[in-house]
Amino acid sequence: MIGLPVVLAVGALLFAIGLYGVLSQTNAIMVIMGVELMLGAAMLNAVGFMRYAWPDAAGGAFFVLIAMTLMAVEATVGFALVISTFRHRRTAELDDLTELRG
Amino acid sequence: MSAASPFAIVALALGGAALLALLEQLIAERRLAPAALAASAARTLRQPLSTPEVKDAWLYHGAPGLLLLGAILALAMVPWAPGFRGLDVGAGAILYSGALAYVTPAVFMAGWGAGRPLQVVGGFRFIALMLAFQMPLVMAVTAVGAPAESLRPSAIVDAQHAVPLALSQPLALLLFAPAAMAVAFVAPFDLPQAEGELGGGAFASYTGLDAAIVALAQKVLLLGAAGMTTTLFLGGWHGPLLPPALWTAAKTLAVAALMLLAGRLLPRTRIDRLLPFAWKVAIPLALLAIVWSGLVTLLFYR
Amino acid sequence: MSDLGTALVFWPGAAIMLLTGVYVFRTSSMARAGLLLLAALGVEGLVFLALAAEFLGVLQLLMMSGEMVIMVFFMVMFMPDPGGLMGMDMTHDKRRSAVAAAAVAVALAAVAVATDWPAAVVTGETPDLRQIGFEVMGRSMFSFLFAAVTILFAMVGAILLAKQGGRLGLPAPGSDRPADDGDDGERPA
């Protein structure tokens, strides 16, 4: 029987998978993908709350809308940073980007 | 509010695709020979799949399926008659763009899976083209949604019972039609996968069942594009004498014929001209169309 | 959606989301990683549809395809081995991050299961398009404006970051202004 705890548990697992990606990947773009998964998990939680606990809270839908927007914005700025870093350092690997200068 | 069963939509997709293939043969070769079409289709289906030379088989062979899925889902958004409204979802007009958006990964998968340089380039060119064209597509749909006060396709058709939206929103129509044509691989916007360009583009090395599915998906996309143009801009099933389904069919066929004729008569636009046009001209015009639609809504549709 | 319909979409959908999410970080082909992420977040859109959030599900489906295609684009540009043919290991601290992720999962799931949530609602009349519109234009207008301005700043900032030659662009041919690549760290006045 699907209820709020089930949806939240699935969201927790998805969040953990995203966290694993963020912590373990060396390339900046894979880290961005991990963050996207984490935001997806948050959105799933919000939709679960809307469906099973507070159905007339349109603020939850707005939260999901803003989270989707944030996914796009974070990816945009992240990719711009990767382009800029690649132009100067010829690498997008986070392990090589540990010093502020050269 | 009667939703149609999936079987009806798939049957409609197959029948419509066959009809459009005949229409294309009529326009291209000025003759009507269904037997020749059937023979060439059978010949394509009998070819073996090009498995040994493919670099990423999962993506390569999965791409036609995704393409067809997106095409049929897009077609399911089009309402044909008051009794057969397709998948009448509340946000149907946006789900049409959403289904079309899955054409982009499918073309990319086809190009990348084949692994040959020109096909990868074809896939990436299509990504660039669709990123640019998706904005005017979705904004034109938004511009149409405002006067109708709904994104449900059947409600948009009902809002045109007096005047088709093409008359009050010509800018949105002029932006929507080329964008839909670009997604449906119809010339003059089909540069990334046209024959004779880029060695045939992303779909060049498909043989056998894959090629047949790709051809079918192209026709279904054209049918969906023509049907959605009819729904959003030409008044759908409204008309004086004939039954509603016949009106929709006639208008859709007319729009499809116009699109195919445009492909025959106009030269293919170069991608380095098409992209700046899409970004620098089409998107500001689409924003203008939204503002215009707001004005029209406040003045006339209230 | 009926209970059976919701269950039919939710359970396979959740399984697909989690499996493809894990495989995003285990595959070595970058194109496949991006497309697997597309599968995960696209199926999440279908799950939203099953959980009676119609507009949000459609929006998620629409946005994810465009985003993931862009992500694949960038991965092929900037990764050392986009085809995954050389089998490089692109991870660090795998065990520690797996332990941290598992601990977070257990903690969050424990909170989810152990909390006393309000009683389950049977009808599930989630907000439809009109209500979301009124919410956005009414009570949440300030947040909406803030988000809009943030998007604008992000777009402008991203373009400035990615411009060739830095903020001021490439110097015109013949001028003796050095290109502001940022290498020397000095900002032109």
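Read-outs: derived from the displayed coordinates by stated rules, not from any lab. For clarity, every value in this text was computed on a predicted model and none was experimentally measured. In this analysis, Cβ positions are derived from the backbone assuming ideal geometry, glycine residues included, and neighbour counts consider all displayed protein chains.
The table below gives the values:
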{"read-out": "Footprinting exposure proxy for B:Phe133, C:Phe78 (fewest neighbouring C-beta atoms within 10 Å first)", "value": "C:Phe78, B:Phe133"}
{"read-out": "Segment C:4-21 - phi-based ³J(HN,Hα) in whole Hz, Karplus 6.51/-1.76/1.60, Gly and Pro as x", "value": "5, x, 4, 5, 5, 8, 5, 5, x, x, 4, 4, 5, 4, 5, 5, 5, x"}
{"read-out": "Simple spin-label estimate for C:Val22 and C:Leu168 in nanometres, 7 Å along Cα-Cβ", "value": "5.4"}
{"read-out": "Nearest-20 debye value, chain C charge dipole, Cβ charges on Lys, Arg, Asp, Glu", "value": "160"}
{"read-out": "Quarter of the Cα convex hull surface for segment B:235-293, i.e. its orientation-mean projected area (nm²)", "value": "6.0"}
{"read-out": "Rg [Å, one decimal], Dmax [Å, integer] - segment C:1-67, C-alpha atoms", "value": "12.5, 40"}
{"read-out": "Other-chain or far-sequence residues with amide H under 5 Å of A:Asn27's (modelled H)", "value": "A:Leu94"}
{"read-out": "Residue-averaged beta-carbon neighbours from other chains (10 angstrom radius) around C:18-26", "value": "5"}
{"read-out": "Whole-Hz couplings from phi, Karplus 6.51/-1.76/1.60, listed for segment C:40-45; x for Gly and Pro", "value": "4, 6, x, 5, 4, x"}
{"read-out": "For the protein assembly as shown, diffusion coefficient by Stokes-Einstein and Kirkwood Rh (Cα), 10 °C, 1.306 mPa s, µm²/s", "value": "62"}
{"read-out": "For segment B:101-204: relative contact order, % (alpha-carbon pairs under 8 angstrom, 6 or more apart)", "value": "37"}
{"read-out": "Leading residue at positive end of dipole, chain C (Cβ point charges), from C:Gly34, C:Ala147, C:Ala103", "value": "C:Ala103"}
{"read-out": "Candidate lysines - alpha carbon under 20 Å from B:Lys251, same-chain residues fewer than 8 apart omitted", "value": "B:Lys219"}
{"read-out": "Translational D in µm²/s for chain C (Stokes-Einstein at 4 °C, 1.567 mPa s, Kirkwood Rh from C-alpha pairs)", "value": "61"}
{"read-out": "Longest to shortest principal axis, alpha-carbon extents of chain B, angstrom", "value": "62, 42, 35"}
{"read-out": "Whole-Hz ³J(HN,Hα) from phi, Karplus 6.51 cos²θ - 1.76 cosθ + 1.60, for segment A:6-19, glycine and proline x", "value": "5, 4, 5, 5, 4, x, 5, 5, 4, 4, 5, 5, x, 5"}
{"read-out": "Cβ-based exposure ranking for C:Glu135, B:Glu149, in which fewest neighbours within 10 Å come first", "value": "B:Glu149, C:Glu135"}
{"read-out": "Loop-resident sites, segment B:5-99, for GluC sites (Glu not before Pro), counting at most 15 other Cβ within 10 Å (DSSP)", "value": "B:Glu53"}
